[in-house]
Each structure stands twice: as C-alpha cells, then as structure tokens.
Amino acid sequence: MIRATTVGRWIKGVAVVAALTAAGPAWTQVPDLATGRIPTLAPLVREVTPAVVNISVHGKVREDNPLYKDPLFREFFEMPKQLEKEISATGSGVIADAQKGYVLTANHVVEKISNAQITTKDGRKFNAKVLGRDPATDIAVLQVQGAASLKAIPMGDSDRLEVGDFVIAVGNPFGLGQTVTSGLVSALGRTGLGKQGYEDFIQTDASINPGNSGGALIDLKGRLIGINTAILSPAGGNVGIGFAVPINMARQVMEQIVQTGRVERGRIGVSVQDLPATQRNRRTEGAVIADVANASPAEAAGVRKGDVVVAADGIPVRSASQLRNKVGLTRVGSVIKLTVDREGALHDISVQVAASGAPRTTSSN
C-alpha cells in the first residue's frame, strides 16, 4: 500500500520540477519526470552553496551590570570593577560581494563582537571584521580579510515574491555544517513579532533552526531573496514557521553601512495606519495618512491627512509598517514618489526624505 505521505512527497517533487523548468534555460539540466529519472534540486544547490558560509564567534565580552560599578558591592564580594565572560556561538552568512569580501548576516549572530571567523563550503577559514550592525533590521555586514576566490550569490527582488513561491534555505543549523532545506513562501509582510524595529518578514516553511540565522533564503533561479533571521517555536526547534529579512531591505542596509559605516533613518513627517475596514470598499491594502506634521517634507510636497498611500516608488504598499520601513531605510536627501488615493483619484507626489534623528546603527569603525 502506498502511504499518503509518499504520494504527497511525489506530488511536491512534480511541482518543484515544473517550477524549475519554468525558471529558465539555466536550470534545464534538472531531470524531467518524462525521462524516468528522479527530480532533484542538486544543480541549483551546487551553484549557490559556495556563497553561504559558516560563522564562528569566540571571545570575551564585558558584563554590563550596575552592581559591578558599586564600590561597596565590589569590596564586599571581592569582585573587579567589570567582569568578562567567554562567548562562543555559531551562525551563517552570505557572500554578497566576492571581490570586496562583503558578507551579510544577522545582527544577533555578531552583536557582541568586532571580529569573527568564517568557513567556506570547501573548508577554508578566514578572519572577518564587522563593518557595521543594524539592530533595527537585524542585519550586519562583515568583510573577509585576505580572502581569494570567493563566490557571491546574485541578489533577487524580494518585492516580486508571491505566497506559494518555492524557496530553499541554506545555513549552519545547530553547528552541524552546511545544510539545505526546501519549502514555500508561506506569507509576506509579517510584523508584530517583537524582534526588531523594522519588520517586514518573509515567512517560510523551509526548515530554519538555531544556527541558520544569517543564512540564505534562495529562489529557484538561484537568487538571494532573504536573510534568515528567526523562528517561531515553543521548544526552540523548527515547526515550519521561519522568517527572513527581505533582501531589498538587507541590501539598503548593507549599502549604507559600506559607504558610511552606519544607517541613517529617514522621515517625511507623517503618521500612518493600516487601512481600516470602513475604507475597504475600494481597496483592501494601503497605508492611511493619519496626520501630517507642520513644516514637514510631506506637507511641503502636498501630502494630506486621509490620503491612502498605495505605492512607493512604484512598489505596492500593503500596510503602514511597509511604508514606515520604506521611508526609514531610504537614504536621507533622496526623493520618494508616493502614489496616493485621494477620494478615488490617484496622485503621484514626490517627497524628499529628511533625517529622523533616530538611533543609528552600531559600527566597529
């Protein structure tokens, strides 16, 4: 008797092969079921895995406890002014620029150190310096020291992802070494996880476990579309709900860190909220302008209270959080083109982004 799980795996295999065939001539080498051969993702995996590295973090960090600064406490317990503790952790990273040695990873993998060791798929080990970190997006950028013959992974466009797209995750779960899993994009624009200040996560059922953080989420054309960052699990293991930072967001963070060593947050002077149910007679998605600050860039450009922002720079806006992310990560001085629905008519409004004065990314420079 054929088990239902076996049938399910076979059906999933058929779907993956069909998706790979449609992806383009680069993957026509994937076996076709009509030939009688077994479907496989091996050609794709061989192409992308050299760009994913393991990250090892070792060192000492100072414990920041106010009691250690109290002279009476130190004298009574015979303790030094500051204590140090050993840390040791593993994670994953993605080579984003092979020539310059830039590696993208999750901020929480390297948040307490300034240097790390990376190991490539072929076993080579290199020291890497933390160029900068951005806790608000959980993205950090490392630079490999003295590395040669690295291979980067091409970046995709996470704004074009759709629920149901096939993806694979590559990382270093539980410190076991490079591991590949596959799944689907389960949802887009996930927020409210309480992890970071700028949330717009890709949700996937591709297995992501501790140690996968900083690893790659890749589409079936071999393009990087996310940096794995978190899981939702009562016991700390994979239950089919993992999250990745969209690569478009990670790319913006990386570009600012590489150029200036920090991320400067932008603002246009508006308060926004999700489209309420009472306004969903014409639209189901968008961000409502709840208020416009006096003498702000938005007021100067002609944005009005009650406008519904439906797109920013041509990209559809699904929610208020997505618009906040877009504005906050746009380079100060740049111009954003907002498409707004005002009483049923669409208007394009160009707004120049000003500095927000929000806390900047931490940097080792």
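The values are calculated or read from the model by the stated rules, or taken from the named source; none is laboratory data. Predicted model only: the values in this text are computed from it and were never measured. Methodologically, a virtual Cβ is constructed for each residue, glycine included, from the backbone with ideal geometry; neighbour enumeration extends over all protein chains shown.
Listed here are the residues, each with its yes/no results for (1) assigned by TED's automatic domain parsing to the domain that holds residue 324; (2) charged (D, E, K, R); (3) modelled with pLDDT under 85.
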residue: 176; (1), (2), (3): no, no, yes
residue: 190; (1), (2), (3): no, yes, yes
residue: 203; (1), (2), (3): no, no, no
residue: 218; (1), (2), (3): no, no, no
residue: 226; (1), (2), (3): no, no, no
residue: 238; (1), (2), (3): no, no, yes
residue: 251; (1), (2), (3): no, yes, no
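Check residue 284 against each of (1) β-branched (Val, Ile, Thr); (2) part of a loop (DSSP other than H, G, I, E, B); (3) touching a strand residue (DSSP E or B) at 6+ places or on another chain (Cβ under 8 Å) and name the one condition it does not meet. Every condition holds for residue 284 apart from (3). The selection criterion, being loosely packed, with under 15 Cβ neighbours inside 10 Å, of a type in the set (A, V, I, L, M) and in a loop (DSSP other than H, G, I, E, B), does not hold for residue 303.
Yes/no per residue for (1) outside any helix (DSSP H, G or I); (2) closer than 24 Å to residue 46 by Cβ; (3) among the aliphatic types (A, V, I, L, M):
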| position | (1), (2), (3) |
| --- | --- |
| 128 | yes, no, yes |
| 143 | yes, no, no |
| 153 | yes, yes, yes |
| 174 | no, yes, no |
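The condition of being at pLDDT 90 or above and outside the structural domain of residue 189 (by TED's automatic domain parsing) holds for only one of 300, 277, that being 300. A single member of 249, 254 is out of contact with any Asp or Glu (no Cβ under 7 Å at 6 or more places or on another chain) and either under 30 Å from residue 132 (Cβ atoms) or not in a loop (DSSP other than H, G, I, E, B) (or both), and it is 254.
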